[in-house]
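All remarks here apply to the structure that follows.
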Amino acid sequence: MEAIKIWPKLHKFIVKAKVNEGDDYEAEVVQFEKEVKEFYEFGKECFLRDKNGIDGAGETTYLHILRYNLADFARQIYNDHGLDIGVFTMQGVERRNKESKHIFTHHTNNKGNLSIITLKGLIRMFKRFFNYD
């Protein structure tokens, strides 16, 4: 039950895609590392065991990456590009896909080069999201 209580904090960090000005991102990564270690410790007593009761034998690739690699990946993507680790989730892909479909169906007249019209609409949306004017 303790691991389940920690998961929402981990999830919030994992899906965050935009680091706002003034955020102390390094402190967020350090906090994530602390919480994921706790998550793993509690997990050893239940979901990280296999059906024979062997500790750690139930670990999946995803859990291993979550515990041992994600904080390093987050630091690297932030240092290289100023972005959070959440830019790699499928949630963002699905959101962009929905935006693209919306612009295609609501902001074109089905004449001319539809790809160019849709891309221009997506660029406007991107600029508005990141406050580029």
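For the stretch 90-129, the calculated P(r), taken from all Cα-Cα distances in 5 Å bins from zero up to the bin holding the longest distance, is 6, 25, 31, 23, 11, 3, 1 percent. Farthest toward the positive end of the dipole of the chain, out of Phe32, Phe47, Phe13, is the Cα of Phe13, where the dipole comes from beta carbon charges about the Cα centre.
Computed over the chain with a Gaussian network model linking Cα atoms closer than 10 Å, the most mobile of Ile116, Ile54, Ile85 is Ile116. Exposed loop sites here are trypsin sites (Lys or Arg not before Pro) in DSSP loop states with at most 15 other C-beta atoms within 10 Å. What is the longest stretch of the chain lacking them? Counting only loop sites that pass the neighbour cut-off, the longest clear stretch is 52-110.
Using every pair of distinct Cα positions in the chain, the Kirkwood expression returns a hydrodynamic radius of 17.5 angstrom.
Ranking Met125, Asn109, Asn97 by Cα position along the charge dipole of the stretch 90-129, where only Lys, Arg, Asp and Glu carry charges on their C-beta atoms, puts Met125 farthest toward the positive end. Bridging of Lys44 to aspartates and glutamates at a Cα separation below 16 Å is possible for Glu2, Glu35, Asp55, Glu59, once same-chain residues fewer than 8 apart are set aside. Summing Cβ point charges (Lys, Arg +1; Asp, Glu -1) relative to the Cα centre of the stretch 90-129 gives a dipole of roughly 140 debye.
Of the GluC sites (Glu not before Pro) in the stretch 41-133, the ones in a loop by DSSP (not H, G, I, E or B) with at most 11 other beta carbons within 10 Å are Glu45. The label-point distance for Asn69 and Asn52, in a model that sets each label 7 Å from Cα toward Cβ, rounds to 2.6 nm. Extending 7 Å from Cα along the Cβ direction at Ser115 and again at Lys101 yields two label points whose distance is 2.1 nm. Charging the Cβ of each Asp and Glu at -1 and of each Lys and Arg at +1, and nothing else, the dipole of the chain about its Cα centre rounds to 1000 debye.
Applying 1/(1 + (r/R0)^6) with R0 = 25 Å to the Cβ-Cβ distance of Trp7 and Gln76 gives a FRET efficiency near 0.55. Strictly over 22 Å apart at the Cα level, which of Lys12/Lys101; Lys16/Lys127; Lys12/Lys127; Lys9/Lys37 would you flag in this model? Distance filter (> 22 Å) returns Lys12/Lys101; Lys12/Lys127. Summary value for the chain: 24 percent relative contact order, contacts being C-alpha pairs under 8 angstrom separated by 6+ residues.
Coordinate-derived values only; no laboratory data. Fair warning: this is a prediction, and the values are worked out from it, not measured in the lab. FYI the Cβ positions are ideal-geometry reconstructions off the backbone, even for glycines, and counts take in every protein chain you see.
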